[in-house]
Amino acid sequence: MLAIANLALLALYPIAWNAPLATTEFFFFLSGKPLTIFGGIADLWQTDMFLAALVALLAVVMPYAKTILLAAVHFGRISGPGWLKLVEVTGKLSMADIFLVSLYIVIVKGALVASMTPAWGLYLFTALVLGSVALAYLSKRPCPAPATQP
């Protein structure tokens, strides 16, 4: 069951990356278009390549890498506590992106030059990352031994 839920993340992450994170009004450089993770990375690339690469790493690479690593653990391709520790570290790094997006929304709202409202994509992405954290935690717990029949 954990393995199936984890594999579902591989299909759901690309949806979240293209989903609107927030909607804006009166923000001169966004032109009223919805903010998405991929769109934000593309916009950032034109002005700050380092920050764009950092957001891409935290929002795209780390969550997907964690999901693939956890799938490899679930299907017995890799094993050992070191691999689960790596899954945990990649999960913590992917949570950093939610913080960045939330901070961005707070800063824009405080600037009084725009109105920004979180959209469904922010909640979807947050749910996926938190679900991934839960799956990793449940995967670390020892499985009960199968019952033997006499």
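The values are calculated or read from the model by the stated rules, or taken from the named source; none is laboratory data. Predicted model only: the values in this text are computed from it and were never measured. Note that we place each Cβ from the backbone using ideal geometry, even for glycine, and neighbour counts take in every protein chain shown. Protein only, heavy atoms only, side chains kept; ligands, DNA and RNA dropped before computing areas. Shrake-Rupley method; radii C 1.70, N 1.55, O 1.52, S 1.80 Å.
In order along the range 4-16, the Karplus-derived 3J(HN,Hα) couplings, from 6.51 cos²θ - 1.76 cosθ + 1.60 at θ = phi - 60°, round to 5, 4, 5, 5, 4, 4, 4, 7, 7, 4, x, 5, 5 Hz, and Gly and Pro are given as x.
Of the solvent-accessible surface of the range 1-90, computed with a 1.4 Å probe and all protein chains present, 74% belongs to carbon and sulfur.
Between F38 and W83, the simple label model (points 7 Å from Cα in the Cβ direction) yields a spacing of 3.0 nm. The protection proxy used here, the mean number of other Cβ atoms lying within 10 Å of each residue, ranks peptides 61-74, 42-55, 9-22 as follows, highest first: 61-74, 9-22, 42-55.
Taking amide H as placed 1.01 Å from N in the peptide plane, T36 has its amide H under 5 Å from the amide H of L21, each at least 5 places away in sequence or on another chain.
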